[in-house]
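The values are calculated or read from the model by the stated rules, or taken from the named source; none is laboratory data. Treat the numbers as computed from the prediction; the structure is a model and nothing was measured. Here Cβ is always computed from backbone atoms with ideal geometry, including for glycine, and neighbour counts include all displayed protein chains. These area figures cover heavy atoms from the full protein model, side chains too; ligands, DNA and RNA do not enter into them. Shrake-Rupley method; radii C 1.70, N 1.55, O 1.52, S 1.80 Å.
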Amino acid sequence: MMSTVDGRIISGNWGDEQLTKTYAGFFEKYHETFESQAWMCGRVTMERDFTDGVQPEPQKPDSPIAREPFIGDKNATSFAIAIDAHGKLGWNSNQTGGDHVVEVLTEQVSDDYLYYLQQKGISYIFAGKEEIDFSSALNQLAELFPIQTLMLEGGGHVNGSVLNEGLIDELSLLLLPIADGTPGSPTTFEVSSYLQKKPATQLQLTEVQQLDEGVLWIKYRFGNK
Ligand SMILES: NC(=O)c1ccc[n+]([C@@H]2O[C@H](COP(=O)([O-])OP(=O)(O)OC[C@H]3O[C@@H](n4cnc5c(N)ncnc54)[C@H](OP(=O)(O)O)[C@@H]3O)[C@@H](O)[C@H]2O)c1
């Protein structure tokens, strides 16, 4: 993740477009230094940064569809995981940036949306009836796909949900020299009000590097791991 000194993560509020592009370049560069088979984002981040807001076109299946996992590409080796509790995301194809798309859904999603994903060859799993159970999601991802390490890449609400379930073991943060202050703007970890908030987590600092443009690259291990 990258955030301002006040923890805010929405780059659209940072003014200087050129500098924001430079920061995004750092994000991509340092992302590549981690070895993982998958990356995971929330529905809002996927819509804004990866699908360009493509709308789904649900279609009626001939018969009801069971709530069981669907594998759209058995040969895939790298994965983009989308947290999409209500089945809102549309896709042009079953991959983004070369990574096979896996949707993490809840059981309330309509058969029409499941049929749409099947027609597109997009994999999906179910984790929870109405809210995402991240523990179940991560277990299924490891069992059904060749995924051992997963990089969680925002936004703040998905990060907050996974944090709250105690499932994060490392944080890599680019701390930007910006004081944002935008009211209500998501921070690195946002635990939604419908979740039962657990106590704060203690982190252990493992590495700090000063980069160009006054950016700090900070790594922590989580106290519970
Ligand atoms: N600075 C950075 O490093 C960075 C990195 C990534 C993203 N971003 C930015 O962050 C912004 C989006 O962040 P965000 O916090 O608003 O959204 P988000 O985390 O991308 O997505 C939140 C959505 O995920 C679903 N969700 C999360 N937790 C859930 C749970 N426990 N159960 C069910 N569903 C759950 C909900 O989807 P539904 O609403 O569909 O139910 C929720 O609205 C974007 O502007 C993006 O560009 C910044």
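Taking the stretch 37-80, which residues are surrounded by 15 or more Cβ atoms within 10 Å (Cβ to Cβ), more than 10 Å from the ligand (Cβ to nearest atom) and among the small types (Gly, Ala, Ser)?
Ala38, Gly72, Ala76, Ser78, Ala80 - these are the residues of the stretch 37-80 that are surrounded by 15 or more Cβ atoms within 10 Å (Cβ to Cβ), more than 10 Å from the ligand (Cβ to nearest atom) and among the small types (Gly, Ala, Ser).
Could you grab me the full set of residues in the stretch 89-108 that are within 19 Å of the chain's Cα centre (by Cα), part of a loop (DSSP other than H, G, I, E, B) and within 16 Å of the ligand (Cβ to nearest atom)?
Leu89, Gly90, Trp91, Gly97, Thr106
If Thr106 meets every condition in (1) in contact with a Phe, Trp or Tyr (Cβ under 8 Å, 6 or more places away or on another chain); (2) open to solvent by 30 Å² or more (accessible area, probe 1.4 Å); (3) not acidic (Asp, Glu) apart from one, which number is that one?
(2)
Any residue at all in the stretch 124-133 that's part of a helix (DSSP H, G or I) and either modelled with pLDDT of 95 or more or away from the ligand (no atom under 16 Å from the Cβ) (or both)?
no
If Ser136 satisfies every condition in (1) in contact (Cβ under 8 Å) with a residue 24 or more places away in the chain; (2) farther than 26 Å from Trp14 by Cα; (3) small (Gly, Ala, Ser); (4) not in a loop (DSSP other than H, G, I, E, B) but one, which is the exception?
The one condition Ser136 does not meet is (1).
Looking at (1) more than 11 Å from the ligand (Cβ to nearest atom); (2) not in a loop (DSSP other than H, G, I, E, B), which is the only condition Gly181 fails?
The number of the failed condition is (2).
Run Leu117 past the list (1) surrounded by fewer than 16 Cβ atoms within 10 Å (Cβ to Cβ); (2) more than 18 Å from the chain's Cα centre (by Cα); (3) among the aliphatic types (A, V, I, L, M) and report the number of the one that doesn't hold.
(1)
In this structure, does Leu211 turn out to be within 10 Å of the ligand (Cβ to nearest atom), in contact (Cβ under 8 Å) with a residue 40 or more places away in the chain and more than 14 Å from the chain's Cα centre (by Cα)?
When the stated conditions are applied, Leu211 does not pass them.
Quickly run through the stretch 22-52 and pick out the residues that are touching a residue at least 12 places away in the same chain (Cβ under 8 Å) and either more than 14 Å from the chain's Cα centre (by Cα) or in a loop (DSSP other than H, G, I, E, B) (or both).
If the condition is that a residue be touching a residue at least 12 places away in the same chain (Cβ under 8 Å) and either more than 14 Å from the chain's Cα centre (by Cα) or in a loop (DSSP other than H, G, I, E, B) (or both), then Thr22, Tyr23, Ala24, Phe26, Phe27, Tyr30, Phe34, Glu35, Ser36, Gln37, Thr51 are the ones that fit.
Taking into account only those residues within the stretch 11-21 that are in contact (Cβ under 8 Å) with a residue 40 or more places away in the chain and open to solvent by 50 Å² or more (accessible area, probe 1.4 Å), which is farthest from the ligand (Cβ to nearest atom)?
Per the stated criteria, the residue is Leu19.
Could you list, in sequence order, the residues of the stretch 150-178 that are away from the ligand (no atom under 12 Å from the Cβ) and either open to solvent by less than 40 Å² (accessible area, probe 1.4 Å) or more than 12 Å from the chain's Cα centre (by Cα) (or both)?
Across the stretch 150-178, the qualifying residues are Gly166, Ile168, Asp169, Glu170, Pro177.
Out of curiosity, is Ser193 open to solvent by less than 80 Å² (accessible area, probe 1.4 Å), within 16 Å of the ligand (Cβ to nearest atom) and of a type in the set (Gly, Ala, Ser)?
No, not satisfied.
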